[in-house]
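The values are calculated or read from the model by the stated rules, or taken from the named source; none is laboratory data. Because the structure is predicted, anything quoted here is derived from the model rather than measured. Glycine gets a Cβ as well: all are built from the backbone with ideal geometry, and neighbour counts include every protein chain shown. Note: areas computed on protein heavy atoms with side chains; ligands, DNA, RNA excluded. Shrake-Rupley method; radii C 1.70, N 1.55, O 1.52, S 1.80 Å.
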Amino acid sequence: FFLRVMKPQTRLEAESLQYFIRDIMQKRVQHTVQLRKKVGDEIEAIRALQLHIKLLKKKENVHTMVDMGYHFYIKAKVDNPKEIFINLGSKQQIHVSMTLEEAETYLKHAEQRALLSYQKHQNDAANHAKHIESLIMSAQQ
């Protein structure tokens, strides 16, 4: 959006502008940065899973520890690590069985979507910050 601000003439106008910058615009920046961080964490998780899949492709059987909850683990042996379950991230906790190749394709697309989302949030945060700077500069003239 484009906003032209004249220098505040009254105390009320100055306070209104300060409120708008502090309580509206800066909160938009903070919210956008939080969204960007969340997507960044998702990208890290996707990349970690991609690495695990590459390692699984090289192994016949896998020994691992399974978290049973509240710091309780059991040792497990996976006889066929060529098929895995992926949580699609929905609120209904939908898990889909995929071959390692299918999982790689799925994760490649998920990473691309997440990177686009990250870039969008990055651009939005920069635009919000520019708007704040513009408001401050206009108000000082």
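Seen from His63, the other residues with C-beta closer than 13 Å to its C-beta sum to a net charge of +1, counting Lys and Arg as +1 and Asp and Glu as -1. Here the dipole of segment 30-113 is about 200 debye; that uses its Cα centre as origin and unit charges on the Cβ of Lys and Arg (positive) and Asp and Glu (negative). Backbone geometry of segment 130-136 corresponds, through the Karplus equation with coefficients 6.51, -1.76 and 1.60 at θ = phi - 60°, to 3J(HN,Hα) couplings of 5, 5, 4, 4, 5, 4, 5 Hz, x marking Gly and Pro. In the context of the full set of protein chains, the chain has a per residue accessible area of 77 Å² (1.4 Å probe). Beyond 19 Å, the tail of the calculated P(r) for the chain holds 68 percent of the Cα pairs. Based on alpha-carbon centroids, what's the gap between segment 13-47 and segment 84-130 in Å, whole number please? Distance between centres, Cα-based: 21 Å. Using a Cα-Cα cut-off of under 19 Å, which aspartates and glutamates could be cross-linked to Lys82, ignoring same-chain neighbours fewer than 8 residues away? Straight-distance partners of Lys82: Glu60, Glu101, Glu102, Glu104.
Structure note, pairs Lys59/Lys120; Lys54/Lys120; Lys75/Lys108; Lys54/Lys75; Lys38/Lys130; Lys54/Lys130: Cα-Cα distances above 32 angstrom occur for Lys59/Lys120; Lys54/Lys130. The alpha-carbon atoms of segment 28-98 define a convex hull whose volume equals 125 cubic angstrom per residue. Which percent of the accessible area of the chain is formed by carbon and sulfur heavy atoms (probe 1.4 angstrom)? Ligands and nucleic acids excluded, carbon and sulfur give 57 percent. Only helices enter the 222 nm calculation for the chain: every DSSP H run of n ≥ 4 contributes -39,500 (n - 2.57), and dividing by all residues gives -21000 deg cm²/dmol, rounded to 500.
Normalised by 2.2 N^0.38 Å, where N counts its residues, the alpha-carbon radius of gyration of segment 88-127 equals 1.54.
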